[in-house]
1. Based on the Cβ-Cβ distance from Lys126 to Glu152, what FRET efficiency comes out when R0 is 25 Å, to the nearest 0.05?
2. Hey, for a label at Thr79 modelled as a point 7 Å past Cα toward Cβ, could you say which residues of the range 120-151 have their backbone N under 18 Å away?
3. Rounding to the nearest 20 debye, state how big the charge dipole of the chain is about its Cα centre with +1 on each Lys and Arg Cβ and -1 on each Asp and Glu Cβ.
4. For the chain, report the % of Cα-Cα distances exceeding 36 Å.
5. Pop out the ³J(HN,Hα) list for the range 175-192 in order, Karplus 6.51 cos²θ - 1.76 cosθ + 1.60 with θ = phi - 60°, rounded to Hz; leave Gly and Pro as x.
6. So how far apart, in nm, are the two label points at Arg56 and Ala115 if each is 7 Å from Cα heading toward Cβ?
7. Which peptide among 204-212, 192-200, 63-71, 243-251 comes first, and what is the full order, when sorted by highest mean count of other Cβ atoms within 10 Å?
8. Relative to the Cα centre, what is the charge dipole magnitude of the range 171-252, using +1 at the beta carbon of each Lys and Arg, -1 at the beta carbon of each Asp and Glu, and rounding to the nearest 20 debye?
Amino acid sequence: MNRRQFLQQGAAAAALAAAGCASPKPPPEPFKVSLAEWSLHKELFAKIITNQDFPRIARTDYGIEAIELVNQFMMDQATNQAYLKELKQRADDQGVRILLIMCDGEGDLGAVDPAQRRQAVQNHYKWADATKALGGHSIRVNAATGGVGTPEEQQKRAADGLAQLSAYCAPLGLNCIVENHGGLSSNGQWLAGVMKLVNLPNCGTLPDFGNFQISPGQWYDRYTGVTELMPFAKAVSAKSYDFNEAGYCVETDYPRMMKIVLAAGYHGYVGIEYEGDKLSEADGIRATKLLLDRIREGVA
């Protein structure tokens with residue numbers, strides 16, 4: 001064996017040894033966990049905490065690094081650049097990412113009167129601008145129609161308003177996403193039909209595990225609904241109310257629901273939204289996170 005062959009063999013052996021000793025790359029997480037601000041709505045409404053406290057609380061109290069804001073807790077601050085800058089800085093200081101703002105109280109995007117519909121669209125502009133300033137990817141809105149007209153007529157109006165708002169969001173690099181949030185929007189087939197009518201890449205859904213009450217006493221099947229909405233999903237809301245002694249959510253079969261979410265090819269953030277009364281807000285958030293962590297780790 002000459003010197004060149006010896007060196008080549010030595011290099012090959014070293015490479016094999018290094019490969020054998022290298023730590024295997026961990027598999028990617030099936031999904032990430034975020035925290036919806038509504039989970040703390042009791043403390044926020046009671047002014048025990050403020051919107052500006054939320055990034056720190058998410059990080060230090062719950063170990064969560066991504067959050068979803070609610071416009072109700074900053075209703076007068078959408079255009080206050082100093083306020084937004086401070087909120088963004090507080091989030092950055094905690095290593096927390098602001099994902100989106102959930103927007104309510106700005107009018108019906110599917111209103112019967114085209115002028116009112118247009119006004120509702122324009123009312124949301126400031127929240128899109130605020131979301132952009134905070135580094136978010138979406139504004140969450142409602143496909144509210146006032147309940148007037150046939151389902152098909154309401155579908156067309158909702159699609160019109162959403163298309164207008166999505167057109168405003170597009171140059172900002174934002175999505176306009178709709179949650180199943182009562183009325184016809186809690187009918188998964190109807191809301192999926194709205195998405196098909198809009199047919200824009202930045203218009204999608206935020207499937208919520210629990211918001212499937214169409215009217216008093218009338219419920220849409222939550223598993224069917226989430227299945228129908230997941231093809232358009234750009235965020236997911238893990239709604240929870242109550243837990244049994246084994247740590248499972250009582251009203252929603254989380255392992256079954258998360259199989260639906262993952263089967264749709266979704267691997268983004270799943271936002272904890274605890275809304276129950278039997279546990280404190282803090283304990284409800286922790287119980288939901290523990291369950292999601294168990295599912296993520298394959299032990300639930």
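1. On the way: r = 32 Å, r/R0 = 1.26.
Once the sixth-power term is evaluated, E becomes 0.20.
2. 120-134
3. Details: 30 positive and 34 negative charges, 282 e Å.
It comes to approximately 1360 debye.
4. Working: 10041 of 44850 pairs.
When every Cα pair of the chain is considered, 22 percent fall beyond 36 Å.
5. With coefficients 6.51, -1.76 and 1.60, one gets 9, 10, 10, 10, 9, 5, 9, x, x, 5, 5, 8, 8, x, 5, 5, 5, 4 Hz.
6. 4.8 nm
7. Numbers: 204-212: 24.6, 192-200: 18.4, 63-71: 22.0, 243-251: 13.3.
Sorting 204-212, 192-200, 63-71, 243-251 by mean packing, highest first, produces 204-212, 63-71, 192-200, 243-251.
8. Values: 4 positive and 7 negative charges, 72 e Å.
Dipole of the range 171-252, to the nearest 20 debye: 340 debye.
Any read-out appearing in this document is the output of simple, stated calculations on the displayed coordinates, not a laboratory observation. These figures come from a predicted structure and were not determined experimentally. With ideal geometry, Cβ positions are generated from the backbone for all residues, glycine too; neighbour counts draw on all protein chains shown.
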